[in-house]
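Novice: Sending over a structure as structure tokens; questions will come in a sec.
Every number here is computed from the coordinates shown, using simple stated rules; none is lab data. What you are looking at is a predicted structure, and each value in this text was computed from that prediction instead of being measured. In this analysis, Cβ positions are derived from the backbone assuming ideal geometry, glycine residues included, and neighbour counts consider all displayed protein chains.
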């Protein structure tokens, strides 16, 4: 027997009618639940947000990391109290970024740097990315400007230099004591107060002086660090050649030990003009013996204080002078000095210098057109009786006065 159900005969008309499909299943009461509908909407929203956030992340990351428009390194100043919009406008105007405020603000927010942006002068590297730009401002990597203070300047001259420097701000209330500033090259950001610069120079001088004082020769005829600075200031003003400093210091130390007057020309000048530093003319004969607390042709021993701000090298030389018997030195005509330990040799060195000066002046005189032979006038003399420096002679260091041919001369002089 077959298990097939019996075929019920249908009329031809019934056979032509379409077969009736079964009714759709009844919708579950659970699917019609409002919580399910809200849940589905939330999931759909979350998916859309995630896709959007992913796209935004990729876009933002590309913007942060992409090379910037700068064709070369550039310095840009961001002023105090500049807001986010101000900074973005400055950076775009200077060509550091190519997009506007919105992209820059988005980068700042993404890096959580909204409250970390610092004013200042910044150097942005070529093709710096937005991340690099923001990082530079956040870290406060401001440009450091070098300020060089030459050795041998007085405190008044240093204050004048700082006052004329456009990088610095503020005023200086009081000129520091002579010899309390350390000449050197320092670096400061734009806008540094001038008083702050002075404090740094003073702190550096105290530190260096303390170090050198501890390493000084114990046989020095000086008792205090202040006297060491005074001696170093004389060395600084007498020579600009590094190899001569210890020997010049030795001359002064030897004369102090023998109770001889130092007879240093720069002390005459300081006694006349003080912190101005330069006399602007040769020393007059009458000024050599003019009473002054600083004139070492008149007073015994060291002056009452420094006559300039000596550098580290001169402080070192004063603390550890060369071991010589030299008592005199005179310019040798080539920018240096000739040293001697007795007066006779010193006089020969002086005569040699004057002969060189006279020859230089002779060489500088042009003969008349109708002359067959030249007659040269004698070398010009200053009021002190010293031959004036010839044209083309080596120039003195910054802040020093043109010196007479004789330095550290004997106590008795016939000039």
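Novice: For residue 243 and residue 358 in the same chain, what is the full-extension length gain: residue separation times 0.36 nm, less their Cα-Cα distance, in nm?
Specialist: Stretched out fully, the residue 243 to residue 358 stretch lengthens by 38.6 nm.
Novice: Continuing with this model, one more query. With each pseudo-label sitting 7 Å past Cα toward Cβ, what's the residue 300-residue 203 distance in nm, one decimal?
Specialist: Output for this residue pair reads 4.3 nm.
Novice: What Kirkwood radius, in Å to one decimal, follows from the Cα pairs of the range 191-302?
Specialist: The Cα-based Kirkwood calculation yields 15.8 Å.
Novice: Let me ask something else. So if we plug the beta-carbon distance of residue 113 and residue 165 into 1/(1 + (r/R0)^6) with R0 = 35 Å, what FRET efficiency do we get, rounded to 0.05?
Specialist: With R0 = 35 Å, the Cβ-Cβ based efficiency is 0.60.
Novice: Could you put 260, 109 in order, starting from the residue whose Cβ has the fewest other Cβ atoms within 10 Å?
Specialist: Listed from fewest to most nearby Cβ atoms, that is 109, 260.
Novice: Moving on to the next point. Extending each Cα 7 Å along its Cβ direction at residue 223 and residue 139, get the distance between those two points in nm, one decimal.
Specialist: That separation, rounded to one decimal, is 5.4 nm.
Novice: I would also like to ask the following. Can you sort 99, 164, 73 by how many other beta carbons sit within 10 Å, fewest first? The partial results should precede the final answer.
Specialist: Working: 99 16, 164 8, 73 11.
The order, fewest Cβ neighbours first, is 164, 73, 99.
Novice: Quote the relative contact order of the range 74-139 in percent (integer), defining contacts as alpha-carbon pairs under 8 Å separated by 6+ residues.
Specialist: On the way: 69 pairs, mean separation 28.1, N = 66.
Reported as a whole number, the value is 43 percent.
Novice: Provide the gained length on full extension for the span residue 215 to residue 289, in nm with one decimal, where the gain is 0.36 nm per separating residue minus the Cα-Cα distance.
Specialist: Working: separation 74, 0.36 × 74 = 26.64 nm, distance 3.65 nm.
Answer, rounded to one decimal: 23.0 nm.
Novice: If each residue's Cβ is checked for other Cβ atoms within 10 Å, how do 270, 186 rank with the fewest at the top? Don't skip to the answer; put the middle values down first.
Specialist: On the way: 270 30, 186 17.
Final ranking by Cβ density, sparse to dense: 186, 270.
Novice: Hey, another quick one. Can you tell me the FRET efficiency between residue 102 and residue 80 if r is taken as the Cβ-Cβ distance and R0 is 22 Å, rounded to the nearest 0.05?
Specialist: 0.35
Novice: Here is a follow-up. For residue 344 and residue 45 in one chain, what is 0.36 nm times their gap in residues minus the Cα-Cα distance, to one decimal in nm?
Specialist: Extra length available between residue 344 and residue 45 comes to 97.1 nm.
Novice: Rounded to two decimal places and with Rh computed the Kirkwood way over Cα pairs, what is Rg over Rh for the range 257-360?
Specialist: Computed over Cα atoms, the ratio is 0.97.
Novice: Looking at the square roots a ≥ b ≥ c of the eigenvalues of the Cα gyration tensor of the range 74-139, which shape do they give, rounded for a/c under 1.5, prolate if a/b is larger than b/c, or oblate?
Specialist: rounded
Novice: Compute the label zone of residue 72 within the range 81-111: residues whose backbone N is under 19 Å from the point 7 Å along Cα-to-Cβ.
Specialist: Once the point is set 7 Å along Cα→Cβ of residue 72, 93-97 turn out to lie under 19 Å by backbone N, inside the range 81-111.
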